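Report on one structure; see the data block that follows.
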Amino acid sequence: MENCLHCGKEIQWANNKKKYCGPKCSKAYHTAKLRETKGIVERTVTCAHCGEVFTTWSMQKVYCGWECNNAAQTERKKKLVEEKRNADLL
Ligand SMILES: [Zn+2]
Ligand SMILES: [Zn+2]
């Protein structure tokens, strides 16, 4: 029986290749490792689309997820088309 590398709990999974008791511990472990080795600090970002607050390692990320990313892109495209139409009318 293996123990979770992050919280030390016994891993109940049938397959013993797992090093963590779950995806949360896996993420937390890697997060801590990154912070330790690279001095990277997690950023708290407010989603530019829905306004939800989330944390990310990426310096570029402005949306909480691909759904907001897609929605924002669709909106941007729509706006561009509308602006072009307005410009044509003028
Ligand atoms: Zn764990
Ligand atoms: Zn969002």
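Take the Cβ-Cβ distance between K27 and E75 as r, set R0 to 30 Å, and report the resulting FRET efficiency rounded to the nearest 0.05. Plugging the Cβ-Cβ distance into 1/(1 + (r/R0)^6) gives 0.50. Taken about its Cα centre, segment 1-41 carries a charge dipole of about 180 debye when Lys and Arg each add +1 at the Cβ and Asp and Glu each add -1 at the Cβ. Against the chain, whose longest principal axis is taken from its Cα atoms, helix 66-89 shows a tilt of about 10°. Dipole magnitude for the chain: computed about the Cα centre from +1 point charges on Lys and Arg Cβ and -1 point charges on Asp and Glu Cβ, it is near 260 debye. Ranked from largest, the principal axis spans of the Cα set of segment 1-41 equal 35, 14, 14 Å. From the Cα gyration tensor of the chain, with a ≥ b ≥ c the square roots of its eigenvalues, which class applies: rounded if a/c is under 1.5, or else prolate if a/b is larger than b/c, or else oblate? Taking the square roots of the gyration eigenvalues as a ≥ b ≥ c, the chain is prolate.
Note on R43 and T55: the extension gain reaches 3.8 nm, defined as 0.36 nm multiplied by sequence separation minus the Cα-Cα distance. Each of R35 and E83 was given a label point 7 Å from its Cα along the Cα-to-Cβ line. The distance between the two points is 4.0 nm.
Could you tell me the relative contact order of the chain? Use alpha-carbon pairs under 8 Å, at least six residues apart, and round to a whole percent.
Answer for the chain is 15 percent.
Between 0 and 90 degrees, the angle of helix 23-38 with respect to the longest Cα principal axis of the chain falls at about 80 degrees. For segment 42-89, what does the alpha-carbon gyration tensor say about shape, rounded, prolate or oblate, given a ≥ b ≥ c as the root eigenvalues, a/c under 1.5 as rounded, and a/b over b/c as prolate? Prolate is the answer for segment 42-89, as a/c is 1.5 or above and a/b outweighs b/c.
No value in this document is a laboratory result; all are computed from the given coordinates. Every value quoted in this text rests on a predicted model; they were computed, and no experiment measured them. Ideal geometry is used to build each Cβ from the backbone, glycine not excepted, and the neighbour counts take in all protein chains shown.
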